[in-house]
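Participant: Submitted below is the structure of interest, expressed as structure tokens.
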Amino acid sequence: MSFSVGALLLCACAAFWARPPGCTGSFLANQTGPNILIMLMDDMGWGDLGVFGHPSKETPNLDQMALEGMVLPDFYTANPLCSPSRAALLTGRLPIRNGFYTTNAHARNAYTPQEIVGGIPDSELLLPELLKKAGYVNKIIGKWHLGHRPQYHPLKHGFDEWFGSPNCHFGPYDNKERPNIPVYRDQEMIGRYYEDFKIDQKTGEANLTQMYLQEALDFIEKQHLKGQPFFLYWAIDATHAPVYASKPFLGISQRGIYGDAVREIDDSVGKILAYLRQQGIAKDTFVFFTSDNGAALSSGPKEGGSNGPFLCGKHTTFEGGMREPAIAWWPGHIPAGQVSHQPGSVMDLFTTALSLAGLQPPSDRMIDGVDLSPVFLQGKVIDRPILYYRGNEMMAVRVGLYKAHYWTWSNSWAQVEQGINFCPGQNVTGVTTHDQEEHTKIPILFHLGRDPGEKYPLSVISAEYQDAMRGISATVLQHKETLIPGEPQLNMCDLAVMNWSPPGCEKLNKCLTPPPAKPWKCLWTH
């Protein structure tokens, strides 16, 4: 179908029926695979781009990318928080399988702050490890967030190069109670945020996005000159609070500092795509743009984005926390001006990338990602469910146009009283609950085509409810019968494991003395 910006919001809530996850085929099994570039934003919402309906229309390059490629309005993360989402993308597996969850409390969002002891297990096979088999050179630029201790670093898990940080750019800290976050070049730190990589707390000025842009351009040029296929994972974090932008972009958006960051990202995406064309490798490079979770409405209004018509935001399993902006671009292969309502997931990028590289996914484990290459290249539709996990609990399931909530929870009353609200201005009685509410016997059911904002539950006595729940219940039963949870990696914390003395600190005279080890069970409040 031809692309229509005006029709996007109307189209955004259509979907299709599902088949079991993990289906795949090697689409380019007998051909040389393309370069693969995944652009993963941080806390960017579904509604932040002009092409997805934001009234500011301040993303001309991303909007042009959409015009030249395929928009996927029904694309999801695997978890409404950064670390589990990234683990799912790079393993093709739900966080409940790959270990990026906690059992310390029910349905809690857990991630990898400095004090976390765990990280991505060696038993997990990451996308760059597998792409090496097809001769790819792999680089990560930006935030890793799968464990900051050396054994968990990207170069231990298939990446050949790294410029970025293991954690968020929180700070500054005093280097006594808590160290400043290190920035790495490959295996060694080259400085710390706020000390060597400045972020102005008052103005939001930082040059990090420009650094990440130049790193991308340099890597692309180097691999192109070598005739080397590459995988570039461009995981920048400017739209995660504290939001930042470089000086030329400060104050240019009508949306404030968050909009400034979005405009700089948009400009950077435009320059990367233009460079691929300039080098003559645009037709040899598959590019996918998306985000790790919904916009952090609790950081708003100054530092939070937009989730469009959807309910709530980051941390929640309502649509605003899980549905992401998504654009696929591959000139000469993906027909221009397409909108696909294929339900997709960040986990699909794992399986799709392997297929494009002529590789099969591992057969010794459950892979949740689906190969979307027939969707991109042939306009096909693949049946599959979407599972909405929060920590160790499956909160909801989408099958076709219907979404059933088995548990509801936004965040606690205690947090709301402190001014922390994951659903500001959005109160749906019996849905946006501030206590964990179980609905496993009688799920709350929405039709996302008619009701994308999840405001009008279907009557449980209606024939529509009964018919839809029969299919959903069968999907849930199949999932739970085959689910084998991984060993939880996000249960234990210890101040002694923070970034006191990262590899390379001695060369910079930046090693710090850690406190004695005193591990405890991490407290996850939401």
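Participant: Please work out if Lys441 is closer than 20 Å to Tyr389 by Cα, out of contact with any helix residue (DSSP H, G or I) (no Cβ under 9 Å at 6 or more places or on another chain) and either at pLDDT 95 or above or assigned to a helix (DSSP H, G or I) (or both).
Facilitator: So Lys441 fits the description; yes.
Participant: Quick check: is even one residue across the range 240-260 over 25 Å from Ile181 (Cα atoms), out of contact with any strand residue (DSSP E or B) (no Cβ under 9 Å at 6 or more places or on another chain) and of a type in the set (D, E, K, R)?
Facilitator: Yes, the range 240-260 contains a residue that is over 25 Å from Ile181 (Cα atoms), out of contact with any strand residue (DSSP E or B) (no Cβ under 9 Å at 6 or more places or on another chain) and of a type in the set (D, E, K, R).
Participant: Can you tell me which residues in the range 481-499 are under 28 Å from Cys423 (Cβ atoms) and open to solvent by 20 Å² or more (accessible area, probe 1.4 Å)?
Facilitator: If the condition is that a residue be under 28 Å from Cys423 (Cβ atoms) and open to solvent by 20 Å² or more (accessible area, probe 1.4 Å), then Pro488, Asn491 are the ones that fit.
Participant: Within the range 207-230, identify whether any single residue is assigned to a loop (DSSP other than H, G, I, E, B), under 17 Å from Cys168 (Cβ atoms) and assigned by the TED database to the domain that holds Gly270, and answer yes or no.
Facilitator: There is no residue in the range 207-230 that is assigned to a loop (DSSP other than H, G, I, E, B), under 17 Å from Cys168 (Cβ atoms) and assigned by the TED database to the domain that holds Gly270.
Participant: Out of the range 451-475, which residues are assigned to a loop (DSSP other than H, G, I, E, B) and within 21 Å of Met394 (Cβ to Cβ)?
Facilitator: Glu454, Pro457, Leu458, Val460
Participant: Let me ask something additional. Output the residues belonging to the range 273-317 that are aromatic (Phe, Trp, Tyr) and surrounded by 19 or more Cβ atoms within 10 Å (Cβ to Cβ).
Facilitator: Once the filter is applied, which keeps residues that are aromatic (Phe, Trp, Tyr) and surrounded by 19 or more Cβ atoms within 10 Å (Cβ to Cβ), the range 273-317 yields Phe286, Phe288, Phe289, Phe310.
Participant: Assess whether Gly53 counts as being out of contact with any Ser or Thr (no Cβ under 6 Å at 6 or more places or on another chain) and at positive phi.
Facilitator: yes
Participant: Go through the range 195-228 residue by residue and tally those that are open to solvent by 30 Å² or more (accessible area, probe 1.4 Å) and over 23 Å from the mean Cα position of the chain (by Cα).
Facilitator: 16
Participant: In the range 60-114, which residues are more than 21 Å from Arg323 (Cβ to Cβ), open to solvent by 10 Å² or more (accessible area, probe 1.4 Å) and touching a Ser or Thr at 6+ places or on another chain (Cβ under 7 Å)?
Facilitator: If the condition is that a residue be more than 21 Å from Arg323 (Cβ to Cβ), open to solvent by 10 Å² or more (accessible area, probe 1.4 Å) and touching a Ser or Thr at 6+ places or on another chain (Cβ under 7 Å), then Arg108 is the only one that fits.
Participant: For the structure I just gave you, tell me whether Val339 is of a type in the set (Val, Ile, Thr) and either modelled with pLDDT under 95 or more than 30 Å from Cys423 (Cβ to Cβ) (or both).
Facilitator: It is false that Val339 is of a type in the set (Val, Ile, Thr) and either modelled with pLDDT under 95 or more than 30 Å from Cys423 (Cβ to Cβ) (or both).
Participant: Sticking with this structure for a sec: Consider Thr440 carefully, then state whether it is open to solvent by less than 40 Å² (accessible area, probe 1.4 Å), over 22 Å from the mean Cα position of the chain (by Cα) and not assigned by the TED database to the domain that holds Phe75.
Facilitator: No, not satisfied.
Participant: Kindly evaluate Asp451 against the criterion of being open to solvent by 40 Å² or more (accessible area, probe 1.4 Å) and of a type in the set (Asp, Glu).
Facilitator: No.
Participant: Given the condition of a type outside the set (Lys, Arg), in contact (Cβ under 8 Å) with a residue 60 or more places away in the chain, touching a His at 6+ places or on another chain (Cβ under 9 Å) and part of a loop (DSSP other than H, G, I, E, B), answer yes or no: does some residue in the range 94-106 qualify?
Facilitator: No, the range 94-106 contains no residue that is of a type outside the set (Lys, Arg), in contact (Cβ under 8 Å) with a residue 60 or more places away in the chain, touching a His at 6+ places or on another chain (Cβ under 9 Å) and part of a loop (DSSP other than H, G, I, E, B).
Participant: Here's another thing I want to ask about it. Of a type in the set (A, V, I, L, M, F, W, C), open to solvent by less than 10 Å² (accessible area, probe 1.4 Å) and not in a strand (DSSP E or B): is that true of Val262 in this structure?
Facilitator: Against the criterion (of a type in the set (A, V, I, L, M, F, W, C), open to solvent by less than 10 Å² (accessible area, probe 1.4 Å) and not in a strand (DSSP E or B)), Val262 qualifies.
The values are calculated or read from the model by the stated rules, or taken from the named source; none is laboratory data. In this text, all values refer to a predicted model and were calculated from it rather than measured experimentally. Neighbour counts run over all protein chains shown; Cβ positions are idealised from the backbone, glycine included. Just so you know, the surface numbers come from the protein's heavy atoms only, side chains and all, with ligands and any DNA or RNA stripped out. Shrake-Rupley method; radii C 1.70, N 1.55, O 1.52, S 1.80 Å.
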